[in-house]
Amino acid sequence: MIGLEYILGLYHMQHNDLAEHLGIKKQNINLWIKEKQSIPKKYYPILEGLFHVDAETFTKELDEIEMLEIQKEKLKMDLQPIIKSYDQVLSNGAHSLEAVPIYDKEEMNRIERSIEKAKMIQRFKESLEAVDVHPFIDSYRIIIELLEQAGTESILHKTLQGLAHYLNVLPGDISTGEEQAEFEKALFEVLDDHNY
């Protein structure tokens with residue numbers, strides 16, 4: 001769906017309302033949405049100020065993550081949340097930690113989690129697409145089974161974090177503490193003993 005069409009639906013704004021706000025005819029809005037006419041550059045600052053998104057958002061096909069980001073910006077305007085604290089989470093690429101805001105409004109925290117989930121699903125899909133060229137698709141099946149059947153088991157989390165350290169996917173300074181360090185030491189000995 002094109003950005004302007006999605007935004008108007010999200011804001012419950014009719015084409016007439018936007019046209020009136022811009023001082024143009026409703027037909028212009030219809031032509032913009034149907035991509036039969038470009039949005040004149042002079043309207044971008046008005047649209048950006050009204051909806052708090054970048055100009056290119058109005059004319060592009062949006063993916064799920066972009067739609068969620070637009071929802072988040074609307075929620076920010078509606079709720080005016082306050083950041084209570086920050087949570088340290090692995091950044092995309094897992095090479096460092098990044099501070100993620102924790103808001104005083106649960107709706108904001110929920111949309112942040114939805115965006116994070118959508119980004120992880122996108123990365124998983126992209127990674128899975130590469131599987132056709134190598135023989136490790138069974139590993140993906142096992143990962144899914146583990147997540148479905150043992151996703152809340154601490155041994156799974158400890159093992160994944162240890163394996164990520166062993167393979168240098170995670171930097172060594174990202175750890176959950178002394179207990180994890182002892183677990184990883186024993187795990188590394190087993191892996192080294194078997195020449196992995």
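When both residues are 6+ apart or on different chains and their Cβ atoms are under 9 Å apart, which pairs have a first residue that lies in segment 180-191 and is more than 13 Å from Leu170 (Cβ to Cβ), and a second that is surrounded by 10 or more Cβ atoms within 10 Å (Cβ to Cβ) and aliphatic (A, V, I, L, M)?
Leu187/Leu163; Leu191/Leu163
Have a look at Ala150, Ala130 and point out the one that is among the small types (Gly, Ala, Ser) and assigned by TED's automatic domain parsing to the domain that holds Val169.
That would be Ala150, the only listed residue that is among the small types (Gly, Ala, Ser) and assigned by TED's automatic domain parsing to the domain that holds Val169.
Filter segment 30-75 down to the residues that are crowded, with 17+ Cβ neighbours inside 10 Å, out of contact with any Ser or Thr (no Cβ under 8 Å at 6 or more places or on another chain) and more than 27 Å from Glu107 (Cβ to Cβ) and list them by number.
Matches in segment 30-75: Ile33, Tyr43.
Could you say which residue among Tyr6, Tyr86, Tyr11 is out of contact with any His (no Cβ under 9 Å at 6 or more places or on another chain), of a type in the set (Phe, Trp, Tyr), at pLDDT 95 or above and surrounded by fewer than 17 Cβ atoms within 10 Å (Cβ to Cβ)?
The unique qualifying residue is Tyr11.
For Leu47, only one of the following conditions fails: (1) more than 27 Å from Ile115 (Cα to Cα); (2) at pLDDT 95 or above. What is its number?
If we test Leu47 against (1) more than 27 Å from Ile115 (Cα to Cα); (2) at pLDDT 95 or above, just (1) comes out false.
The values are calculated or read from the model by the stated rules, or taken from the named source; none is laboratory data. Fair warning: this is a prediction, and the values are worked out from it, not measured in the lab. Using ideal geometry, Cβ is built from the backbone for each residue, glycine included, and neighbour counts are taken over all protein chains shown.
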